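Take a look at the structure below.
The values are calculated or read from the model by the stated rules, or taken from the named source; none is laboratory data. Keep in mind that this is a model prediction, so the values were computed, not measured. For neighbour counting, all protein chains shown are included, and Cβ atoms are generated from backbone atoms with ideal geometry for every residue, glycine included. To get the accessible areas, we keep the full protein, side chains included, count just its heavy atoms, and leave off ligands, DNA and RNA. Shrake-Rupley method; radii C 1.70, N 1.55, O 1.52, S 1.80 Å.
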Amino acid sequence: MFKTVIGTDQHESSIDDDTCSSILANNISLCKTQSQFSIPPITIDFILNQLKHLNTGKSTGTDGISARFLKLSASVIAPVLAKIYNKSISTGIFPKVFKLAKVIPIHKKSSRNDKNNYRPISILPGISLILERHVSSHLKQYFENNQLFYHRQSGFRAKHSCQTALIRLLDDWISAIDNGEIVGTVFVDLSKAFDLVDHAILIEKLRLYKLDEATCTWLSSYLEKRSNLHIFLVLILSQGLFYLECLKGLYLGQFYF
């Protein structure tokens, strides 16, 4: 997160709470003229395409089914998976077995005996990611088509990146300096940022963006009880035992954030 203040002695322009509230209000007003979003049924062709493009070098999830096996059996299992996925969408229930993740600690820096120096990586079943990609792609398209994303948002969007964010910032700063204004910027790094998202508030906000009740029910099921279903890796260190839990790593997690 960052806040930029551009101005002279008595004048400033900033991204503050009032601005954020105004942005949300404008987005919600746009939704009033839109039809509701609902998760469309998944097609066999989409599943086949996803299965055939699986990275066989990826680790196997808790289901024990490798990407290589899924890829080789794509034409056989695609119709079956389509029935499972569409049943999940129609009932609003995300299967519990799709939520079970294998957590692997990756060392980041410094001492290997300090648990804070490890980054948890969550490995989910390969077949769960196909359903997540289906929902994610349609949700993103809905938000893009209806201009629901904040126009300065560069994170987790197609054709946007750190470069687009920096270009916009630099352009604002240079323009302000050319106009004789003062530029001050504060950058804030949120620790465990994904964990700060309140699920109830998130679902309510999605309702305001005109996601239908069936979709909100499915998304709630997707989010709930994940932390209790994760596998905990016990690392034996010189200082004793500690448990490492992964609370992010979900394909839809980036969109939610």
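The residue list N27, N49 contains one member that is at pLDDT 90 or above, assigned to a helix (DSSP H, G or I) and within 24 Å of the chain's Cα centre (by Cα), which is N49.
Residues that are at positive phi and open to solvent by 50 Å² or more (accessible area, probe 1.4 Å) within the stretch 39-93 comprise just one, G64. Restricting the search to helices (runs of 4 or more DSSP H) fully inside the stretch 65-148 and requiring at least 2 residues that are closer than 30 Å to S38 by Cα, touching a residue at least 12 places away in the same chain (Cβ under 8 Å) and in contact with a Phe, Trp or Tyr (Cβ under 9 Å, 6 or more places away or on another chain) gives 74-91, 126-145. Scanning the stretch 195-230 for residues that are at pLDDT below 75 and buried (at least 16 other Cβ atoms within 10 Å of the Cβ) yields R226, H230.
For the stretch 149-172, the candidate set comprises residues that are touching a residue at least 12 places away in the same chain (Cβ under 8 Å) and assigned to a helix (DSSP H, G or I); within that set, the residue that is farthest from the chain's Cα centre (by Cα) is D172.
Give me the residue from the stretch 119-149 that is farther than 18 Å from N55 by Cβ and at pLDDT below 80 and, out of that set, most open to solvent (accessible area, probe 1.4 Å). Applying the filter and picking the extreme gives R119.
Annotation: V97 fulfils all but one of (1) closer than 19 Å to E224 by Cβ; (2) modelled with pLDDT of 95 or more; (3) surrounded by fewer than 16 Cβ atoms within 10 Å (Cβ to Cβ); the unmet one is (2).
Number of residues in the stretch 157-194 that are in contact with a strand residue (DSSP E or B) (Cβ under 7 Å, 6 or more places away or on another chain) and small (G, A, S): the value is 2. The set of residues in the stretch 173-214 that are of a type in the set (D, E, K, R) and part of a helix (DSSP H, G or I) comprises D178, D195, E204, K205, R207, E213.
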